[in-house]
1. Nearest 10 degrees is fine. How inclined is helix 105-114 to the longest principal axis of the chain, computing both from alpha carbons?
2. Of the residues 178, 106, 45, which exhibits the maximal mean-square fluctuation in a Gaussian network model of the chain defined by a 10 Å Cα contact cut-off?
3. Sticking with the crude label model, points 7 Å out along Cα→Cβ, report the distance from residue 19 to residue 96 in nm, one decimal please.
4. By counting other Cβ atoms within 10 Å of each Cβ, how are 28, 126, 40 ranked from fewest to most?
5. Rounded to the nearest 10 degrees, what's the angle between the helix 90-99 long axis and the longest principal axis of the chain, both from Cα atoms, 0 to 90?
6. What shape does the stretch 1-109 take by its C-alpha gyration tensor, where a ≥ b ≥ c are the square roots of the eigenvalues and a/c under 1.5 counts as rounded, a/b above b/c as prolate, and the rest as oblate?
7. When only Cα pairs under 8 Å and 6 or more residues apart are kept, what is the percent relative contact order across the stretch 186-233?
8. Going by how many other Cβ atoms sit within 10 Å of their own, how do 30, 246, 104 line up, fewest first?
Amino acid sequence: MISVRGLTKQYGGVRAVDDLTFDVEPGKVTGFLGPNGAGKSTTMRMVLGLDRPTAGTAEVAGRRYADLAAPLREVGALLDAGAVHPGRSGRAHLRIAARSNGITVRRVDEVLAQVGLDRVARRRTKGYSLGMRQRLGIAGALLGDPPVLVFDEPVNGLDLDGVRWIRGLLRGFADEGRTVLVSSHLMSEMQLVADRVLVIGRGRLLADAGIEDVLRGLGHRVRVRSPRAEQLHGVLADRAAVERVTAEELEVTGLAAAEVGDLAHAAGVPVHRLAEAEQSLEQAYLALTEGSVEHAGHAPERPAAAEVGR
Ligand SMILES: Nc1ncnc2c1ncn2[C@@H]1O[C@H](COP(=O)(O)OP(=O)(O)O)[C@@H](O)[C@H]1O
Ligand SMILES: [Mg+2]
């Protein structure tokens, strides 16, 4: 469980995080969604005790990070995958982290195998690809077998296999009952993996709801094809806005694909195609975060590795 109350961070003239209050519950993947510069990384750094809040609190298992007796056993994090000493091997990197937390070498080898790095574990990390660095970062997060996991944009720079692997991993952690917070600037990515989403823009909370509710609130669209489109139209029209696109195809605004499929099934109407309208989903998300997107030209570079300090 992660609890954030009135969390605020001011960097000079920039309010990076503005009075955020939310809980992240166990057994679910909670997506932390917002455009670049929204304050996702800053929030996560404060949860992990790497940045001091200007106001408010961030707690893991009812305590501030600094008050956790064995932090790696309470919360694991993947923040900046680049923050690894390039001259060290992946295994050496993890052994150092393990030693200071009373974690055995056996556990180091276990997590290396779990993320599929066992064969390159003794190579220097400067030769690692971005995907391998991400895997090493995840191995580090898993070292203490913590019940709470925080991942900052873990799919960035990964190929499709890597992205699928991360999705499966996140789902597995949640199914084991862990608390999983994962950030992304891509709505489409969150839709595939999150049970619940927190949407932020300019440091403020814009939405905190189940993924289906957020999609509905965003007015996203689903395309459905049926040889009995007329009948399906009648079934769906009570629940959402429905438009006849072709003789067999309907466009539904305000229901998730799963809900459309379930309603059709309950009514005994055959469905030949069912798809989320991806494009409109991204657009709806942009509409929600409109005015909260920081323009690249105004964004000061943040000093990454030094402050993350891992
Ligand atoms: N160490 C820092 N010093 C000054 N400004 C920062 C620092 N870290 C982040 N910021 C600013 O805070 C805002 C939020 O950044 P960040 O948390 O990195 O957003 P996100 O992770 O959602 O892209 C941005 O305006 C960013 O430029
Ligand atoms: Mg970030």
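None of the figures in this text is laboratory data; all of them are computed from the coordinates on show. Note that this is a predicted model, so its numbers are computed, not measured. Using ideal geometry, Cβ is built from the backbone for each residue, glycine included, and neighbour counts are taken over all protein chains shown.
1. Tilt of helix 105-114: around 30 degrees.
2. Evaluated over the chain, the most mobile residue of the options is 106.
3. Computed distance between label sites residue 19 and residue 96 equals 4.2 nm.
4. 126, 28, 40
5. The two axes meet at around 70 degrees.
6. Prolate.
7. Values: 29 pairs, mean separation 10.8, N = 48.
The value is 22 percent.
8. Working: 30 24, 246 9, 104 12.
Result, fewest neighbours first: 246, 104, 30.
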